[in-house]
1. Quick one: which of 22-34, 40-52 comes out on top by average Cβ neighbours within 10 Å, and what's the full order, highest first?
2. Could you order 62, 76 so the one with the most accessible surface comes first? Probe is 1.4 Å.
3. Taking a 29 Å limit on the Cα-Cα distance, which of the listed pairs 12/48; 12/81; 48/81 fall beyond it?
4. Heavy atoms only, probe 1.4 angstrom, no DNA, RNA or ligands counted: give me 78, 21 ranked by accessible area, highest first.
5. Starting from the Cα-Cα distance between residue 13 and residue 39, subtract it from 0.36 nm times their residue separation and give me the gain in nm to one decimal.
6. Per residue of the range 18-30, in order, report the coupling 6.51 cos²θ - 1.76 cosθ + 1.60 (Karplus, θ = phi - 60°) as ³J(HN,Hα) in whole Hz, putting x for Gly and Pro.
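The values are calculated or read from the model by the stated rules, or taken from the named source; none is laboratory data. These numbers come from a predicted model, not from an experiment. Quick reminder, even Gly has a Cβ in these numbers, built from the backbone with ideal geometry, and neighbours come from all protein chains shown. Ligands, DNA and RNA are excluded from the accessible area calculation, which covers all protein heavy atoms including side chains. Shrake-Rupley method; radii C 1.70, N 1.55, O 1.52, S 1.80 Å.
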Amino acid sequence: MKFIFPQNYHFKNKILGIIDYQTALVNVIWYGIIFLLVNLLFDSINIKVFVFISFCFPLLLFSFAGFHGENIIYVFKYLFKFIFRQKLFFYNKNYKNLT
């Protein structure tokens, strides 16, 4: 059986077809940092679990749901660009090429 894919179709390598490798790496690094901080700061297991889930679950949701299939690293990059340089996203229309 032969499958025909359009030329503009981009294959994205993903873990189990759900999450791409860059996003998984960012998640693992974030979870490791949070895990170390939680273990250093808190003694109670209830507080540790609550804080760990509170900081890690939103990133996990964004990683799975995503923003229209966009990589989480690019989403953070766009957010930081918008926060620090908001005028960057106002577009100028160049009408010289149309005449």
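1. Working: 22-34: 14.2, 40-52: 11.3.
Ranking the peptides 22-34, 40-52 by packing returns 22-34, 40-52.
2. The residues order as 62, 76, largest area first.
3. Exceeds cut-off: 12/48; 48/81.
4. Numbers: 78 105, 21 135 Å².
Of 78, 21, the descending order of accessible area is 21, 78.
5. Details: separation 26, 0.36 × 26 = 9.36 nm, distance 3.38 nm.
Computed gain between residue 13 and residue 39 is 6.0 nm.
6. With coefficients 6.51, -1.76 and 1.60, one gets 10, 10, 6, 5, 5, 5, 5, 5, 4, 4, 5, 5, 4 Hz.
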